[in-house]
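For reference, the structure is listed below as structure tokens.
The values are calculated or read from the model by the stated rules, or taken from the named source; none is laboratory data. If you're wondering where the values come from, they're calculated on a predicted model, not measured in any experiment. All Cβ positions, glycine included, derive from the backbone under ideal geometry; neighbour counts span all protein chains shown.
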Amino acid sequence: MEKILIVEDEPDMLMGLKDNLQYEGYQITTATDGERALDLALNTCPDLILLDIMLPKLSGFEVCRQLRQKGMTMPIIMLTAKSQEVDKVVGLELGADDYITKPFSIRELLARIKAVLRRRQGTPQQIDSYQFGDVKVDFRKSAATKAGKQIELSHYEAGILRILITNKGEPISRNRILDEVWGYELYPTTRTIDNHVVKLRQKLEDDPHNPTHIITIHGMGYKFVD
């Protein structure tokens, strides 16, 4: 579960961002001034910071500058009501990864968050085929066999299975699966992943109700166990 620090001094904006990002499965910490934001960022090391520019005590620019000066490399997305090009340039020169101008849609912000996190995580090495138990998977054809019986996999089922197997043993968040399998432009809900996992288990597990390979990690996502 990725941790996001939201730094915003407008109460309504802060609450709206917090509620929406928690709904999407992110772990949220908040700050309403620059000094508190700097302290939280240094001590909790969030995976990403949403950083307003106009803040009490320390500006977002100064928070960003000090974090980068101290060697903190987590992605930072700057939030501001301003639209002047000079502000964007300053933020990016100080080390921000992206910039979004208020007002913005939550859908656009989520897309930006996913894109930045994906760039930071990198793209996992792709595999073309894999075998576990009596199952053989051919990712190029989105097909599999179980005990010699042919099984058709949908494009998305194969995509989910591929990312889980590529990172076997590692819990993979629903948000990461959405980003890497669907792409943020399509943006389905996390419930869509759960439905596809149910179908995968029905096709590949000996006992779909007690899976031994595609394991649920409660509050986060899934992992593959060989």
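The figures follow:
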| read-out | value |
| --- | --- |
| The range 72-100 - residue that is among the hydroxyl-bearing types (Ser, Thr, Tyr) and out of contact with any helix residue (DSSP H, G or I) (no Cβ under 8 Å at 6 or more places or on another chain) and, of those, modelled with the lowest pLDDT | Ser83 |
| Any pair with Cβ under 6 angstrom, 6 or more apart, that starts in the range 58-70 at a residue that is outside the structural domain of Val89 (by TED's automatic domain parsing) and ends at one that is surrounded by fewer than 18 Cβ atoms within 10 Å (Cβ to Cβ) and not acidic (Asp, Glu) | none |
| Qualifying residue in the range 125-133 (condition: surrounded by 18 or more Cβ atoms within 10 Å (Cβ to Cβ), closer than 17 Å to Ile6 by Cβ and modelled with pLDDT of 85 or more) | no |
| Enumeration of residues in the range 42-56 that are in contact (Cβ under 8 Å) with a residue 40 or more places away in the chain and outside any loop (DSSP other than H, G, I, E, B) | Thr44, Leu48, Ile49, Leu50, Leu51, Asp52 |
| Qualifying residue in the range 192-202 (condition: modelled with pLDDT of 85 or more, out of contact with any Phe, Trp or Tyr (no Cβ under 6 Å at 6 or more places or on another chain) and among the acidic types (Asp, Glu)) | yes |
| Residue within the range 55-63 that is modelled with pLDDT under 90 and closer than 14 Å to Leu5 by Cα present | no |
| Checking Thr216 against (1) buried (at least 17 other Cβ atoms within 10 Å of the Cβ); (2) of a type outside the set (Lys, Arg); (3) assigned to a strand (DSSP E or B); (4) free of Cβ contacts under 8 Å to residues at least 24 places away in the same chain, the condition it does not meet | (1) |
| Which listed residue is part of a loop (DSSP other than H, G, I, E, B) and of a type in the set (D, E, K, R), from Asp9, Asp39 | Asp9 |
| Which numbered condition Met1 fails, given (1) assigned to a loop (DSSP other than H, G, I, E, B); (2) closer than 21 Å to Glu108 by Cα; (3) without any contact (Cβ under 8 Å) to a residue 24 or more places away in the chain | (3) |
